[in-house]
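The values are calculated or read from the model by the stated rules, or taken from the named source; none is laboratory data. Here the structure is a predicted model, which means the values were calculated and not measured. Here the Cβ positions follow ideal geometry from the backbone for every residue, glycine too, while neighbour counts run over all protein chains shown. For accessibility, only protein heavy atoms count, side chains too; no ligands or nucleic acids. Shrake-Rupley method; radii C 1.70, N 1.55, O 1.52, S 1.80 Å.
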Amino acid sequence: MSDPPGRDAPTPEQLIDWDVAHFWHSFTQMHEYEPLVIAAAEGCELIGADGRRFLDGASSMWCNVHGHAHPAINQAISEQLARGAHITSLGMGCDTTVRLAKRLVGIAPAGLDRVLFSSDGSSAIEVALKTAFQYWQQCPEPRPAKTRFLAFGAAYHGDTIGAASVGGIDKFHALFKPLLFDAVYAPGPDRHKLPAGVAPEAACDYYLGETERLLAERADEVAAVVIEPLVQCAAGMVMHPPGFLGGLRKLCDRYNVLLILDEVAVGFGKTGRMFACEHDGVSPDFLCLGKGLTGGYLPMATTLTRTKIYNAFLGDAASGRALYHGHTFCGNPASAAAALASLDLFESEQTLAGLEPKIARLGERFCRLAEHPAVTNARQTGIIAAADYVAEHQVGRKVAAYALEHGLWIRPQPGMVYVMPPLAISLEEIDRMMDVIEAGIVEVTGIAIK
Ligand SMILES: Cc1ncc(COP(=O)(O)O)c(C=O)c1O
């Protein structure tokens, strides 16, 4: 942990006053905001300005992988800062970022050998959408009518205008409809909430059938399908039937549409494999990564794609074929250094192998939670686990408030509880986290677990 603040540092009370007075927090109804100022973080804990400690049950918005303030990542960032904090990626590149591009290609699914850098997940999606669109305009057999995208259910791919256009969460995006482009939507492949008459074992075929119906009608205008594989996180930890992703890849090939996988949230081990698409052996045409890319330390995102796509953008300067999209800080070397250090840790700490008992423990604890009468649809993929509340809409918020009082930070959700801790969480911390959640549910509902 860093040294304590100096004598002139503001008091915790002052920080709270300034926070309320000036800091407009994202995705937060400021009218109801209960100030929480974090002064430090170490391991899997956040440390409040007032010294309270909270387990980071949502890995600082699905980012943190190896724990906070890991000396290896901190050192890699410091060393890079000593060599230069920022070097542009426009028309040149820094050695650290070059090394990261090579490293990412080495771990990505086969065929993804070109790496576009950006600064956040939404931008990685924008890059994929625009590149797919432009590809069909200038590929060897152009299909200029392919200008639309097919997305799924309550998808969330970010808040910029393009990313929001392929989003399906009305609460976030409906107001902006006049600014967004039209997308085609297939039902979100939720394996727990099936339409009446669809048996669980038929779920995969059902959702693939619905998707195929749309592609059969509209493939001529669809440039790409975009989906978060295995788990649609912001949609409410919607988990897909096994095999859906593999079937979707086949449909994309059959109907000549590109496949964009958004692994901004589920990438870097959250599903138990480095990338979620590995579970079905799928290689997409675009793989969007963010959040955990730098171990969750610094902003960076990437869009990986194939040489087939890249080649369609080649030509002389006057051809106008280049991709005119980029961000000032894309490929930032300090972020790249963090990402390389994080990938080193995946190897040296055997992060994915070490995850297996943690996934098992989390599963056991969610099975137990499922026995609570107020809870339904307990579900898990990797280190992501969620359950819905049967009845009262505000239970989730109250349980999150209880958790905060008892040393656990989870993101308040009205109708559900979920956790997505850092991969570095220990078995003891998983138990501590789940003990608090269980006690919170019992306290808020007034009903004991059997
Ligand atoms: C699946 C997914 N895609 C894209 C984004 C957008 O990423 P960012 O917030 O870094 O722009 C998010 C953010 O939560 C996400 O969960």
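What accessible area per residue, rounded to a whole number of Å², is obtained for the chain using a probe radius of 1.4 Å?
Roughly 44 Å² per residue, with all protein chains present.
Grab the Cα-Cα distance for Glu443 and Asn311, subtract it from 0.36 nm times how many residues apart they are, and report the gain in nm with one decimal.
Using 0.36 nm per residue and subtracting the Cα-Cα distance, I get 41.6 nm.
For the range 210-217, just list the computed ³J(HN,Hα) in residue order, Karplus coefficients 6.51, -1.76 and 1.60, θ = phi - 60°, integers in Hz, with x standing in for Gly and Pro.
Karplus values, whole Hz, x for Gly and Pro: 5, 5, 5, 4, 5, 5, 4, 6.
On the accessible surface of the chain, probed at 1.4 Å, how many percent belong to carbon and sulfur atoms?
Heavy-atom surface of the chain belonging to carbon and sulfur, 1.4 Å probe: 56 percent.
Using 0.36 nm times the number of residues separating Ser319 and Phe23, minus their current alpha carbon distance, what extension gain do you get?
Result for the pair: 102.0 nm of gain on full extension.
Relative contact order for the range 152-307 using alpha-carbon pairs under 8 Å, separation at least 6, rounded to a whole percent?
With pairs under 8 Å counted, the relative contact order is 17 percent.
What are the ³J(HN,Hα) couplings of the range 183-196, residue after residue, when phi is run through the Karplus curve with 6.51, -1.76, 1.60 and θ = phi - 60°? Round to Hz, x for glycine and proline.
Ordered by residue, 3J(HN,Hα) equals 10, 9, 10, 9, x, x, x, 7, 6, 9, 10, 8, x, 3 Hz.
Please work out the FRET efficiency for the pair Asp253 and Ala110, using the Cβ-Cβ distance as r and a Förster radius of 25 Å; give the result to the nearest 0.05. Intermediate values should be presented prior to the final figure.
Values: r = 15 Å, r/R0 = 0.60.
For Asp253 and Ala110, the calculated efficiency is 0.95.
Could you tell me the relative contact order of the chain? Use alpha-carbon pairs under 8 Å, at least six residues apart, and round to a whole percent.
Contact order relative to length: 20 percent.
Antiparallel versus total DSSP beta bridges in the chain: what percent is that, nearest 5?
Beta bridges within the chain, antiparallel portion: roughly 65 percent.
Largest first, please: the extent of the C-alpha atoms of the range 73-348 along each principal axis, to the nearest Å.
62, 46, 38
Would you please state which residues of the range 347-363 a label at Ile38 would reach in this model, taking the label point 7 Å out along Cα→Cβ and a backbone N cut-off of under 18 Å?
No residue passes the distance filter.
Amide H of Ile38: which non-local residues (sequence gap of 5 or more, or other chain) have their own amide H closer than 5 Å, using H built in the peptide plane?
Close amide H contacts, sequence-distant or interchain: Ala49.
For the range 57-70, just list the computed ³J(HN,Hα) in residue order, Karplus coefficients 6.51, -1.76 and 1.60, θ = phi - 60°, integers in Hz, with x standing in for Gly and Pro.
So the J values, rounded to whole Hz, are x, 10, 6, 6, 6, 6, 9, 6, 10, 9, x, 7, 6, 5.
Rounded to the nearest 20 debye, what is the charge dipole size of the chain about its Cα centre when +1 sits on each Lys and Arg Cβ and -1 on each Asp and Glu Cβ?
Working: 37 positive and 51 negative charges, 230 e Å.
The calculation lands at about 1100 debye.
In terms of the ratio Rg/(2.2 N^0.38 Å) built on C-alpha atoms, what value belongs to the range 292-450?
Relative to the 2.2 N^0.38 Å estimate, the range 292-450 comes out at 1.43.
Dipole magnitude of the range 96-164 about its Cα centre, charges +1 at Lys/Arg Cβ and -1 at Asp/Glu Cβ only, in debye to the nearest 20?
Working: 8 positive and 5 negative charges, 46 e Å.
I would put it at about 220 debye.
Would the range 144-262 count as rounded, prolate or oblate if I go by the C-alpha gyration tensor, calling it rounded below 1.5 in a/c and otherwise prolate when a/b exceeds b/c, oblate otherwise?
Since a/c reaches 1.5 but b/c is at least a/b, the shape of the range 144-262 is classed as oblate.
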